[in-house]
1. Whole-Hz ³J(HN,Hα) for each residue in region 56-65, computed from phi via Karplus 6.51 cos²θ - 1.76 cosθ + 1.60 with θ = phi - 60°, x for glycine and proline: what do you get?
2. Find the accessible area per residue for region 28-67; the probe is 1.4 Å, ligands and nucleic acids are left out, and the unit is Å².
3. Got a number for the accessible area of F51? Probe 1.4 Å, square angstrom, nearest 10.
4. Per the Debye formula with a single identical scatterer at each Cα and no solvent contribution, what log10 I(q)/I(0) holds for region 28-67 at q = 0.17, 0.22, 0.34 Å⁻¹?
5. Roughly how much of I32 is accessible, in Å² to the nearest 10, using a 1.4 Å probe?
Amino acid sequence: NCSYFKHFTPGQSSEIFEVTTQKEYSISAAAIAIFSVGFAIIGTICVLLSFGKKRDYLLKPASMFYTFAG
């Protein structure tokens, strides 16, 4: 008698477990990761350009891009 495990008890409605991957979540996670890498690259470009000719005004957009990447 397996009355403790309700899923395997004969004579009752058994519940079937289905393991399915949720494709929508994986696609959205991949899109977020791609955008994050893009923001990090743009932030790095801004930082590198700010070192060139004392363009300190590019550091604020770089910090915003790094924040968005996080």
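1. Result, rounded to whole Hz: 6, 6, 7, 6, 5, x, 5, 5, 5, 5.
2. Per-residue accessible area for region 28-67 comes out at 76 Å².
3. Looks like 150 Å² after rounding.
4. -0.44, -0.62, -1.02
5. 120
The values are calculated or read from the model by the stated rules, or taken from the named source; none is laboratory data. Not measured: the values here are computed from a predicted model. Remember, those area values only see protein heavy atoms, side chains included, never the ligands or the DNA or RNA. Shrake-Rupley method; radii C 1.70, N 1.55, O 1.52, S 1.80 Å.
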